[in-house]
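Report on the structure given below.
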Amino acid sequence: MINRRHLLAAGTLVALALRLPVPALAADEPIKVVASFSILGDMVQEVGGDRVRVTTLVGPDGDAHVWQPAPADARTVADADLVVMNGLGFEGWMDRLVQASGYDGPVAVATTGIAPRKMAEEEDHDHAGGDDHDHDHDHHHDGTDPHGWQSLTNARIYVHNVLEALIAADSDDKAAFEANAAAYLKKIDALDARIRAEIASVPAERRKVVTSHDAFGYFEAAYGVEFLAPVGVSTEAEASAGDVAKLIDQIRAEKIPAVFMENISDPRLLARIASETDATIGGTLYSDALSPADGPAATYLDMMDYNVRTLVAALRT
């Protein structure tokens with residue numbers, strides 16, 4: 001592939017030879033990257049630095065499970081130099097959006113190389129709403145948990161994939177991208193160690209919580225906190241009355257100390273569960289989206305740090 005800066009340089013030489021006005025050096029412009037949702041957009045920005053201009057399709061507090069693209073989003077994708085998505089079935093709308101936009105550039109899948117977590121009960125959750133529930137498109141993950149970013153070990157793989165995609169799109173800025181990625185990975189490693197220490201301070205028998213939907217499976221596997229949820233990996237699934245009753249019985253039997261809201265979910269179901277048990281509402285966790293810039297989870301690392309501090313504060317009491 002011919003680097004775009006080489007093409008621009010060639011065009012400048014032609015302009016000089018013909019004594020035409022030489023345009024501004026567009027080679028200094030950042031590459032245009034479209035990221036599917038806010039967490040991934042932040043990762044791309046960290047690795048790309050000032051050499052990228054990132055547009056995020058599903059923004060802060062947005063729910064990518066149920067998001068529907070608008071015509072303006074197709075135009076945004078069409079104008080991109082690179083598209084970055086999570087994969088693992090998280091963005092069921094992405095293929096249609098790319099096709100509708102006419103974009104034919106590179107699409108990087110950030111979860112490439114991650115060992116997917118399988119959801120043994122996902123089929124049951126998907127069918128909880130009855131036969132008329134829509135199972136054939138956006139929210140169905142074929143039993144695969146797409147929330148890979150909930151483990152900082154996985155985050156290292158995200159960063160590697162983003163780095164490789166940016167270098168492929170703009171090889172002239174390889175050194176800058178690599179330096180940014182190295183600095184970011186150091187921060188990831190430091191936060192990972194801090195999370196493990198914080199979780200270790202909670203007695204093992206108290207490391208059980210309830211959340212709105214099953215978005216924390218990778219966190220559970222990495223850090224040893226058991227998460228229970230009334231619905232599966234998608235917020236578009238619906239919990240049956242039987243599922244909720246079983247969960248309430250389990251909370252009572254196991255004396256689960258806390259339930260947590262999520263920034264992208266309707267809090268009413270968990271409020272009902274908390275009211276019928278001795279569990280307390282431990283606060284709000286950020287699962288599938290960052291907070292707005294003035295919130296406590298404006299970046300991916302802020303989100304992970306805030307979540308663990310919120311969890312530990314509730315579980316210690």
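The values are calculated or read from the model by the stated rules, or taken from the named source; none is laboratory data. Since the structure is predicted, the reported quantities are computational estimates derived from the model, not experimental observations. Counting neighbours? That spans all protein chains shown, and the Cβs are built from the backbone with ideal geometry, glycine included. When the accessible area is computed, the model is the full protein with side chains, heavy atoms only, and any ligands, DNA or RNA have been set aside. Shrake-Rupley method; radii C 1.70, N 1.55, O 1.52, S 1.80 Å.
Counting only residues at least eight positions apart within a chain, or on another chain, the lysines with an alpha carbon under 21 Å from that of K246 are K208, K255. Each peptide in 73-86, 245-258, 274-287 was scored by the mean count of other Cβ atoms within 10 Å over its residues; highest first, the order is 73-86, 274-287, 245-258.
Bridging of K186 to lysines at a Cα separation below 20 Å is possible for K174, once same-chain residues fewer than 8 apart are set aside. Determine how large the accessible area of R309 is when every protein chain is in place; take a 1.4 Å probe and give Å² rounded to the nearest 10. Number for this one is 120 Å². For W149, W67, the ranking by accessible surface with the largest value first comes to W67, W149, using a 1.4 Å probe. When peptides 215-223, 198-206, 97-105, 35-43 are sorted by average Cβ neighbour count within 10 Å, with the highest value leading, the order is 35-43, 215-223, 97-105, 198-206.
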